[in-house]
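Undergrad: Let me give you the structure first, and then I'll get to my questions.
Here, each number is a calculation from the coordinates, and none is a lab measurement. Everything quoted here is computed from the prediction, not taken from an experiment. With ideal geometry, Cβ positions are generated from the backbone for all residues, glycine too; neighbour counts draw on all protein chains shown.
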Amino acid sequence: MNTSYQENTGKRNSTDCDIAIVDDDQALRDSLVWLLGSVGLEAAAFADGDSFLASPYNWKVVLLDVRMPGLSGLQVQQQLAERGATAAVIMMSGHGDVPMATQALKNGAFDFIEKPFNHQQLIDSLQEALAQAQRRHQHNLQHRELHQRFATLRPKEQQIISLVAQGMTSREIAEKMGISAKTVEVYRQRAMKTLGANNLAELVRQAVALGLVSALPDA
């Protein structure tokens, strides 16, 4: 059976089928869908790069064949990068093409597996890629929440956080802003509470994550 994205949409939701298989070999597609299903991993399969790229779903992991009619695996990988997709790409090749493998890894591929591959090796690589995707997703959620909290701060509180991250003392900030050092402390403490920063070091790390400063100050 040729399992496609369209055929799977009726039973998929945002919590399942995070894996896409892109390969022009139908027998391989079917065997991979069965293999992954046997370990509780649902996957959707595509016969070529164009049909895969036309799917609107935000995949977590993509098993991508290097050599296919139409768009090659490297071209699909490039288009994913241009779209800002965060899916972990595992390249598959039956040709042992070392230069292609090197290029794929340079382009950010998570792994490169030669056909015929060891089933356990493939499953292990997929599990690692899914774990990485989950960590990235959690990080993105935390980053978005941090930006939302920062946006609720008053302009003076935002400015004080930025100046603190630049290494300025409360007295220096007070002189720069034309307010008292005590007021600076009040604003800083209120901003730290809103951002969920328990100490100054954490506040500075948050300022770096927010892009208020380019790097942590030297110790």
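Undergrad: Sequence-distant or interchain residues sharing an amide H contact under 5 Å with residue 196, placed H: which?
TA: Those qualifying (amide H under 5 Å, at least 5 residues apart or on another chain) number zero.
Undergrad: Express the relative contact order of the range 5-140 as a whole percentage, based on alpha carbon pairs under 8 Å and six or more residues apart in sequence. Show your work: numbers first, answer last.
TA: Details: 189 pairs, mean separation 26.9, N = 136.
After rounding, I find 20 percent.
Undergrad: Let me ask something additional. Give the total of Lys-Lys pairs in the chain with Cα-Cα distances below 24 Å; include a pair only if its members are 8 or more places apart or on different chains.
TA: Pairs that pass both the separation and distance tests number 9.
Undergrad: Within the set of other residues whose C-beta is less than 14 Å from the C-beta of residue 123, count the net charge using Lys and Arg as +1 and Asp and Glu as -1.
TA: Working: positive: none; negative: 42, 111, 124, 128.
Charge balance in the 14 Å sphere: -4.
Undergrad: As a test of the formula, what do you get for the chain when each DSSP H run with n ≥ 4 contributes -39,500 (n - 2.57) and the sum is divided by the residue count, at 222 nm and rounded to the nearest 500 deg cm²/dmol?
TA: On the way: 10 runs with 119 residues, N = 219.
The per-residue figure over the chain is -17000 deg cm²/dmol.
Undergrad: Determine the dipole magnitude for the chain: charges of +1 sit on the beta-carbon of Lys and Arg, -1 on that of Asp and Glu, nothing else is charged, the reference point is the Cα centre, and the result goes in debye to the nearest 20. Could the numbers behind the result be given before it?
TA: On the way: 21 positive and 24 negative charges, 314 e Å.
In total the dipole reaches around 1500 debye.
Undergrad: Let me ask something additional. Amide H to amide H, which residues 5 or more places from residue 113 or on other chains are under 5 Å from it, using H placed in the peptide plane?
TA: For residue 113, the qualifying residues are 91, 92, 93.
Undergrad: While we're here: With unit charges on the beta carbons (Lys and Arg positive, Asp and Glu negative) and the dipole taken about the Cα centre of the range 152-210, which residue among 199, 189, 162 sits farthest to the positive side?
TA: Going by the charge dipole, the pick is 189.
Undergrad: Among 130-141, 187-198, 60-71, how do they line up by average Cβ neighbours within 10 Å per residue, starting with the highest?
TA: 60-71, 187-198, 130-141
Undergrad: If you plug each phi of the range 40-47 into the Karplus form 6.51 cos²θ - 1.76 cosθ + 1.60 with θ = phi - 60°, what whole-Hz ³J(HN,Hα) values come out, in order, with x for Gly and Pro?
TA: These are the phi-based 3J(HN,Hα) values: x, 10, 7, 9, 10, 10, 10, 7 Hz.
Undergrad: Still on this model: For the chain, what Kirkwood radius comes out of the mean inverse Cα-Cα distance, in Å? Can you show the working numbers first?
TA: Values: mean 1/r = 0.0492 Å⁻¹.
It is 20.3 Å.
Undergrad: Would you please give the residues with an amide H less than 5 Å from that of residue 88, counting only those at least 5 places away or on a separate chain, with H modeled from the backbone geometry?
TA: Placed amide hydrogens put 61, 62 under 5 Å from residue 88.
Undergrad: I need the phi-derived Karplus couplings for the range 59-65: 6.51 cos²θ - 1.76 cosθ + 1.60, θ = phi - 60°, integer Hz, Gly and Pro marked x.
TA: 3J(HN,Hα) across the range 59-65, in whole Hz: 5, 8, 9, 10, 8, 10, 6.
Undergrad: Counting pairwise Cα distances across the range 128-219, what percent come out greater than 21 angstrom? Let's see the in-between values first.
TA: Working: 1460 of 4186 pairs.
Every Cα pair in the range 128-219 considered, those over 21 Å come to 35 percent.
Undergrad: Would you mind checking the tilt of helix 181-195 against the longest principal axis of the Cα atoms of the chain, expressed as 0 to 90 degrees and rounded to 10?
TA: For helix 181-195, the angle is close to 20 degrees.
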